[in-house]
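Trainee: What follows is a structure written as structure tokens; I'll ask about it next.
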Amino acid sequence: MGQSASTASLQIRRDSTSPGHSPGHGHGRRSGSKASPLLSPMLADGADAADAADAADASDYISHLPDECLACVFQCLGTGDRKRCSLVCRRWLAVEGQSRHRLSLDARADLLPLVRSLFSRFDAVTKLALKCDRRSASIGDEALDLISLRCQNLTRLKLRACRDLTDAGMARFAKNCRGLKKLSCGSCAFGARGMNAVLDSCASLEELSVKRLRGLAGDGAAAEPIGPGVAAASLKTICLKELYNGQCFGPLIIGSRNLRTLRLFRCSGEWDKLLQLMADQANGVVEIHLERLQVSDIGLSAISNCPDLEILHLVKTVECTNMGLMSVAERCKLLRKLHIDGYKANRIGDEGLIAVAKHCANLQELVLIGVNPTKSSLGLLASNCQNLERLALCGSDTVGDVEISCIAEKCLALKKLCIKSCPVSNDGMEALANGFPNLVKVKVKKCRGVTCEFAERLRTSRGTLAVSLDSGEHENADVSTSDGGVQDNGVEFPPVVSQLAAANIASSSNGSTRSSLFKSRFGMLSGKNLACTIRRWSNGSNLS
């Protein structure tokens, strides 16, 4: 290849120096500049050789590109393109491996023999996901120990269905990776000792997410306590899901004085007392999610002691009433996002929402599912909450044409509206044509009184308004969020596929991942669509 390039360069120079030929015409600047009459005949041969060498060197600019610049190029590529680039040459293979900071691996037992060679290539990984099929044997302590020795700069670790990891293996990992900032584990078999080892060794831990930790022994007060450990000083986010003994994390929750976000999903036991103790110690919490918990107005009253609270989700907490919501509204005046799934219990209604309207003027997002507000509360919310931009009314028996017309006149800042399974007709939706001056998107689902003809007419009258209509005549009108709740439907935790952009090496779970994504995208799981829509709306407004 080098020889042919040199021959071509010599031919170009001879052509450019021939009589009647204009230098640089039809060729690059290099050949034109070399064709100079100032060169003596004695130096012609030497100039030809130097020119050929220069042309050969200039034909491969990337070889002169520093490794750091090449790594930046690789980081702009997708997983498939990075894999293909790593096959070009040995240098690209090395640079691609050293510049890869995220890695997702199929954590089956047969990964063990590959650990040394794998992490010799990917020696700069800081974010690692180890996911195993539930029907397969997972990696054990030996593999995790080898990984921790070769990835001591690890800052994020995600473990899924690694059932062969024990407390001893987690303890050795924690000693080797003391800089860990985020740990997420689900369906693993280690228990309280392994978790305490992480909390005692990783002083920089900021986020902890635990789901179905199978190794937790004991029942209630007999369960071994977890935390606080040295990590309590740095922890900002705690998420607990589907834990039978979730209250054993009580010392950690109470001891995390800098806690900002607390998410509790489907954890058994009574939580009022723990919320009281937490509010006394960590009153700087700004975000709380409670789903399917045994929590009452006592717990909500404790939450009201967090004056900086901005986001509150109450999903199917059937013991919470208007009194609890009123106490939160009166003290948490910085509230920006409020999601309530009343589960058709009719324990939260106008009285609690009126308190929100009176005291939470900064409210930007309101989602009401299975709640029955009337014109009085909705009208006050529209009038007092001038910053309200996103509103969802779902599964309400009282939200009809009058209520929609009322908020259309007063809710001037609203940008996105979702109405699902409400007794609304074309008459009520007519208000959308003249009201909501800043509305950019409206979604109507399972409202049989709204016809496709009206939706088309609305699109015509307001050309900039995006209208989505699904009458749902043949669907089940279940309007509550799915049993998976806000956590499973992706309101707060995007799927692993979107978080880990690195290559999935030897992954056997891609088929199921694609299947679940297909279902969620095409509406086969209708309960999840609402929360996904709200999340997209929120993210879009934050970026704008």
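Trainee: Which of the residues belonging to region 64-116 are farther than 30 Å from residue 135 by Cβ, open to solvent by 30 Å² or more (accessible area, probe 1.4 Å) and among the aliphatic types (A, V, I, L, M)?
Mentor: 65, 73, 77, 87, 88, 93, 94
Trainee: Residue 196 fails exactly one of the following numbered conditions: (1) open to solvent by less than 10 Å² (accessible area, probe 1.4 Å); (2) under 27 Å from the mean Cα position of the chain (by Cα); (3) within 22 Å of residue 245 (Cβ to Cβ). What is the number of that condition?
Mentor: Here residue 196 clears every test but (1).
Trainee: Restricting the search to region 390-428, which residues are surrounded by fewer than 22 Cβ atoms within 10 Å (Cβ to Cβ) and either of a type in the set (Val, Ile, Thr) or part of a loop (DSSP other than H, G, I, E, B) (or both)?
Mentor: Within region 390-428, 397, 398, 400, 402, 412, 413, 415, 423 qualify.
Trainee: Of everything in region 317-328, what is crowded, with 24+ Cβ neighbours inside 10 Å and among the small types (Gly, Ala, Ser)? Give them in sequence order.
Mentor: Result: 324, single match.
Trainee: Of all residues being open to solvent by less than 40 Å² (accessible area, probe 1.4 Å) and more than 20 Å from residue 382 (Cβ to Cβ) in region 462-474, which is modelled with the lowest pLDDT? Just the residue, please.
Mentor: Filtering region 462-474 for residues that are open to solvent by less than 40 Å² (accessible area, probe 1.4 Å) and more than 20 Å from residue 382 (Cβ to Cβ), the one modelled with the lowest pLDDT comes out as 472.
Trainee: Can you tell me how many residues in region 434-461 are of a type in the set (Gly, Ala, Ser) and open to solvent by less than 30 Å² (accessible area, probe 1.4 Å)?
Mentor: Adding up the residues that qualify gives 2.
Trainee: Same structure, new question: Among the residues of region 169-180, is there at least one that is assigned to a strand (DSSP E or B), basic (Lys, Arg) and either at pLDDT 95 or above or over 26 Å from the mean Cα position of the chain (by Cα) (or both)?
Mentor: Checked region 169-180: no residue is assigned to a strand (DSSP E or B), basic (Lys, Arg) and either at pLDDT 95 or above or over 26 Å from the mean Cα position of the chain (by Cα) (or both).
Trainee: For residues that are of a type outside the set (A, V, I, L, M), assigned to a strand (DSSP E or B) and touching a Gly at 6+ places or on another chain (Cβ under 7 Å), tally how many sit in region 312-369.
Mentor: Counting residues in region 312-369 that are of a type outside the set (A, V, I, L, M), assigned to a strand (DSSP E or B) and touching a Gly at 6+ places or on another chain (Cβ under 7 Å) gives 1.
Trainee: Which of the numbered conditions does residue 191 fail, given that it passes all the others? Conditions: (1) open to solvent by less than 30 Å² (accessible area, probe 1.4 Å); (2) in contact with a helix residue (DSSP H, G or I) (Cβ under 9 Å, 6 or more places away or on another chain); (3) more than 18 Å from residue 229 (Cα to Cα).
Mentor: The number of the failed condition is (3).
Trainee: Of all residues in region 372-389, how many are free of Cβ contacts under 8 Å to residues at least 60 places away in the same chain, assigned to a loop (DSSP other than H, G, I, E, B) and open to solvent by 10 Å² or more (accessible area, probe 1.4 Å)?
Mentor: So the answer is 4.
The values are calculated or read from the model by the stated rules, or taken from the named source; none is laboratory data. Computed from a predicted structure; not experimentally measured. We place every Cβ from the backbone using ideal geometry, glycine too, and count neighbours over all the protein chains shown. All accessible areas refer to the heavy atoms of the entire protein, side chains included, with ligands and DNA or RNA removed. Shrake-Rupley method; radii C 1.70, N 1.55, O 1.52, S 1.80 Å.
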